[in-house]
Amino acid sequence: MRKWLMVLSTIVLTVLMFTACSSDSTNVSKEETTIEKKEVLVEKSDSLLSSLESHDWVEISKEMHPEGLVFTLFADLGNSNEVLLSKEELIADSDKEIVWGKDLADREIVATKEEFVDTYLFQTIFGEDVNYSEVNLNESSVHSGGVINTIPTKFPEAQYVEYFSPASDKELDWQALRFVYQEHEEEWLLYAIVRDVHNP
């Protein structure tokens, strides 16, 4: 009887050790996959940020989702105050004015693509150059600027890379820029560019 118990204990211990090793291996594999995904998305976002700053719409269009590219002025992606551009519209004549939504005073923002990018994505609400010095994956440096970040709730399958410009001594001039990706045919493609600022 004791011999059988010893054999059974050995079998159970072996199974537990194998399971633990397998679990550790799975956890390591998941961590490696997450790290790889972060590296890929951050590298892609760095390139897109540079292309956005230089108004290279053709390069951006190569990474965009086939459904189009959404631009929104505030954190709540999936609302009515945003614009959706097709690939053709994105790379079309840059002198065309577009209604990008409404500002904090409920006034329509009408600008060309270049004007919109320079004024709203690369300048703070006080008109000074942003300093996107912090980079996050699927999280934000600010909990809320008055408008809730809806990416995790409305687009739970999406991934996003956030560039954050901390506040200066003015305190309210922080700004975030998020590149939102949706998976399409096993590739993460740019679905939206979301700006987040203090919004009382």
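Brief remarks follow.
- The residues of region 40-118 present an accessible area of 51 Å² per residue when probed at 1.4 Å with all protein chains retained.
- Share of carbon and sulfur in the accessible heavy-atom surface of region 105-200 [1.4 Å probe, %]: 45
- Förster radius 22 Å - calculated FRET efficiency between E53 and D93, Cβ distance, rounded to 0.05: 0.65
The values are calculated or read from the model by the stated rules, or taken from the named source; none is laboratory data. Just so we're clear, the structure is a prediction, and the values are computed from it rather than from any experiment. Heads up, the Cβs are rebuilt from the backbone with ideal geometry, glycines too, and the neighbour counts pull from every protein chain shown. Ligands, DNA and RNA are stripped out before the accessible areas are found, and what is left, the full protein with its side chains, is counted by its heavy atoms. Shrake-Rupley method; radii C 1.70, N 1.55, O 1.52, S 1.80 Å.
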